[in-house]
Amino acid sequence: MASIVRQRPTTTKQPSLKEEPTTTAPASPSGTRRALSQTLTSTANLANLLPTGTLLAFQLLTPVFTNNGVCDSVTRVLTLLLLMVLGLSCFLACFTDSVKASDGKVYHGLATPKGLWVFDYPDASGTGLPKDLSSYKIRPIDWVHAVLSVLVFSAVALRDKNVVSCFYPSPQHETQEVLDIVPVGVGIICSLLFVVFPTTRHGIGYPITSSSS
């Protein structure tokens, strides 16, 4: 008997009409929020304009004085005094300068209306120092930089979470807006003024370049 081979019916696979779920990427932050983040980063970079010793003291002492942001009536006053002292340090540092003596070492001094008072030179007679120090006398630009330095320090302090939590533990909405906007505005204005009014001084806590005389 001849075997009968049955042919299986061929079935064509229909494409699935079910669409695969598409994953939507999270919405990117708005342009305003991105610009604000970049501005805050620029404001943080303004710390480079402050004396390194003052900035280091601020970073080390602020958590201690504020008890990591949890202040009482005593620590709040102590923190305020600390900020005032550090702000005064930023102000006075703008009136300091450096001078190179005959021994090749760099010495620091305080600018006066007539010249420079070098306070760390070992020889009281000052024989190794340049004879004419009148070019180091106080200039109007020094006052501008002193005020700007205090404003920059204030902006940096207002961006510190321990300082803000100490003085404003539960800020209202309007207060929080001021704390977010004021440091940004101060940072932008001060950065522009530092560029418009540069200084040639190399004071205490600031880097010394080869141009110092």
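For Leu92, what charge total do you get from the other residues with a beta carbon under 13 Å from its beta carbon, if Lys and Arg give +1 and Asp and Glu give -1? Charge balance in the 13 Å sphere: -1. About its Cα centre, the dipole of the range 110-201 is roughly 340 debye, where the only charges are +1 on Lys and Arg Cβ and -1 on Asp and Glu Cβ.
Based on alpha-carbon atoms, the Kirkwood radius and the radius of gyration of the range 101-157 give Rg/Rh equal to 1.12. Rolling a 1.4 Å probe over the heavy atoms of the protein chains gives the range 70-130 an accessible area of 56 Å² per residue.
Once all protein chains are placed together, Leu179 keeps about 10 Å² accessible to a 1.4 angstrom probe. For Arg139, neighbours were defined as the other residues whose beta-carbon sits under 12 Å from its Cβ, and their charges (Lys and Arg +1, Asp and Glu -1) total 0.
The overall shape of the range 50-92, judged from the alpha-carbon gyration tensor, is oblate: a/c is not under 1.5, and a/b is no greater than b/c. Solvent-accessible surface of protein heavy atoms, probed at 1.4 angstrom with all chains present, puts Thr112, Thr52 in the order Thr52, Thr112, largest first. With a ≥ b ≥ c taken as the square roots of the eigenvalues of the C-alpha gyration tensor of the range 48-181, please select rounded if a/c is under 1.5 and otherwise prolate if a/b is larger than b/c or oblate if it is not? In terms of gyration-tensor shape, prolate. Heavy-atom accessible area for Ser134, with the other protein chains in place and a 1.4 Å probe, reaches approximately 50 Å².
The values are calculated or read from the model by the stated rules, or taken from the named source; none is laboratory data. Remember, predicted model here, so these are calculated numbers, not experimental data. Using ideal geometry, Cβ is built from the backbone for each residue, glycine included, and neighbour counts are taken over all protein chains shown. When the accessible area is computed, the model is the full protein with side chains, heavy atoms only, and any ligands, DNA or RNA have been set aside. Shrake-Rupley method; radii C 1.70, N 1.55, O 1.52, S 1.80 Å.
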